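**Student:** Please find one structure pasted underneath; my questions will follow.
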Amino acid sequence: MSFLRNFFAKHLNLEILALGAGLNAYLGIIGLVPFTIGVLVEGYGFDLKTAGLYASIEIIVMSIAAMAISPLMNKISNSRLAITGGLIIALGNVFVAMYATSTLVVLGLMIAGVGYGLVAAAVNASVASSDEPEKVYASGILVYALAGSVLFAVLPMLYLESFPVYFWAQAVISVVSILLYARLDDSKPSQQQAGDVSASVKKSALLNPRAIALFLATFLVWTGMGLIWAVTERMGVSIGMTSQEAAYALVLSNVIGMVGGLLVKFFGERYGRAKPLFIGSLVMGLSFIGISNSDLASVFTLALIVYGIAYFFLLPYIMGAAVALDSDGKVAAFNGAMPSVSAAISPALGAYLAATYSFSFAGNTAFVFAVVGGLLTLPCALYLDARYRKSTLETMDNEQAVLNS
């Protein structure tokens, strides 16, 4: 019993639940893009291009709001900012649920986007100020993954009879999350710590050609994922699946996809970084072709599962490469922003390509993005692999020298 108490106190306390709720808000809205587009098309009568554009606007506003508030984070309580953001999210979603006209729907999505941006800033600040940010963030991601899977499974059932319920549900979830946001970490790094971090940041790190290649790689891979993800639900419907069946296929992809993360834990750096990064990107690209060219629900679902495994496999290696390239963390921080930047444009791009050309064309485009992205990871990955081998050899030589002495 004492083991369980210690485990929950460290890994599943109210602060971790608050972090998971915040991650579920601002990362979840990106994952819900295909459902949002589906609701705007079927429930509100917008065409696919317009629905994709509206979904992108919400994410763009979220990104702008998060960046705009970030310079003030040392003067604002994280919990209060998250609570404010949660209330704004609820207000925006209520607006969309109540009014179906184009102008008011966009206004409601923009209002919600501001709220998501404030929550994103508060969550990131609370993690950064913790003693062990990596461990805290990892625990929060677990809560987010579990909550996200439940959300993906439940939301489609809620709007079977009334599509506005989709937005009402998000408003209610946001209000409930506010109760947890009050437990976010409000502590701030000491002035000495802040000074040390500022002094350690090297401007040249972001101008390193390997870092620039990695930034482009991450952007392209996530753009490919985003443009496919945005219209995945529509692809499923086009081959005879119901909206709910397509949603469950997405949930299955997310759950089984965690196997990819287990593979990373098993392989680690055993085969370096270059091979896993390129192979992961290639497999992900092939899954895009399978998803967008499937005529059978079973093949569509299988391709989605492959995508999920590739995603959870690729993510740790890409982010790990950024961390390994720059010990100051500047490259990792900048590279971590690439998925959000791509998410701001990929829904509209995916909807445009699918509506103007075809689902197959969108999938083939995403395949090219993934493969080119995989190739662009190689300058960084090959450098890190060579550095790792050199370090290993030096360690072995030193150990041998000690034994011989």
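**Student:** Give the residue that is modelled with the lowest pLDDT, with candidates limited to residues of the range 61-83 that are over 20 Å from the mean Cα position of the chain (by Cα) and closer than 20 Å to residue 20 by Cα.
**Tutor:** 73
**Student:** Here's a check for you: in the range 362-391, which residue that is polar (S, T, N, Q) and not in a loop (DSSP other than H, G, I, E, B) is surrounded by the most Cβ atoms within 10 Å (Cβ to Cβ)?
**Tutor:** For the range 362-391, the residue satisfying everything is 365.
**Student:** Follow-up. Write out, first by first residue and then by second, each pair whose Cβ atoms fall under 6 Å of each other, whose residues are 6+ apart or on separate chains, and whose first residue, in the range 167-192, is farther than 28 Å from residue 107 by Cβ while the second is at pLDDT 90 or above.
**Tutor:** Once the first residue is farther than 28 Å from residue 107 by Cβ and sits in the range 167-192, its partners that are at pLDDT 90 or above give 184/82.
**Student:** With the condition being over 26 Å from residue 40 (Cα atoms), outside the structural domain of residue 37 (by TED's automatic domain parsing) and at pLDDT 85 or above, I'd like the helices (runs of 4 or more DSSP H) fully within the range 269-361 carrying at least 1 qualifying residues.
**Tutor:** 274-293, 297-325
**Student:** On to the next question. Which residues, taken from the range 262-294, are more than 21 Å from residue 246 (Cβ to Cβ), within 21 Å of the chain's Cα centre (by Cα) and aromatic (Phe, Trp, Tyr)?
**Tutor:** 278
**Student:** Oh, and also: Which condition number in (1) loosely packed, with under 15 Cβ neighbours inside 10 Å; (2) part of a helix (DSSP H, G or I); (3) modelled with pLDDT of 75 or more is the one that residue 399 fails?
**Tutor:** So the condition that residue 399 fails would be (3).
**Student:** Kindly indicate whether residue 250 is touching an Asp or Glu at 6+ places or on another chain (Cβ under 8 Å) and within 23 Å of residue 365 (Cβ to Cβ).
**Tutor:** Yes, satisfied.
**Student:** Hey, another quick one. Can you tell me which residue among 99, 116 is among the aromatic types (Phe, Trp, Tyr) and free of Cβ contacts under 8 Å to residues at least 40 places away in the same chain?
**Tutor:** Values: 116 fails: free of Cβ contacts under 8 Å to residues at least 40 places away in the same chain.
Among 99, 116, only 99 is among the aromatic types (Phe, Trp, Tyr) and free of Cβ contacts under 8 Å to residues at least 40 places away in the same chain.
**Student:** Additional query: Pull up the range 201-230, narrow it to residues that are modelled with pLDDT under 85 and touching a helix residue (DSSP H, G or I) at 6+ places or on another chain (Cβ under 9 Å), then point me to the one that is surrounded by the fewest Cβ atoms within 10 Å (Cβ to Cβ).
**Tutor:** 203
**Student:** Regarding the range 254-273, can at least one residue be identified that is under 18 Å from residue 36 (Cβ atoms) and of a type outside the set (D, E, K, R)? Walk me through it before giving the result.
**Tutor:** Narrowing the range 254-273 to residues under 18 Å from residue 36 (Cβ atoms): 254.
Remaining after also requiring of a type outside the set (D, E, K, R): 254.
Looking for residues that are under 18 Å from residue 36 (Cβ atoms) and of a type outside the set (D, E, K, R), one finds at least one in the range 254-273, hence yes.
**Student:** Filter the range 211-242 for residues that are of a type in the set (Gly, Ala, Ser), in a helix (DSSP H, G or I) and either within 14 Å of the chain's Cα centre (by Cα) or more than 13 Å from residue 369 (Cβ to Cβ) (or both) and give the result.
**Tutor:** Listed by number, the residues that qualify are 211, 213, 224, 226, 230, 236, 238.
**Student:** Just give me the residues in the range 98-120 being among the β-branched types (Val, Ile, Thr) and in a helix (DSSP H, G or I), in sequence order. Lay out the reasoning, then the answer.
**Tutor:** Here is the first cut: in the range 98-120, the ones among the β-branched types (Val, Ile, Thr) are 101, 103, 105-106, 111, 114, 119.
If the condition is that a residue be among the β-branched types (Val, Ile, Thr) and in a helix (DSSP H, G or I), then 103, 105, 106, 111, 114, 119 are the ones that fit.
The values are calculated or read from the model by the stated rules, or taken from the named source; none is laboratory data. The structure presented is a predicted model; accordingly, all values stated were derived computationally and were not measured. Neighbour counts run over all protein chains shown; Cβ positions are idealised from the backbone, glycine included.
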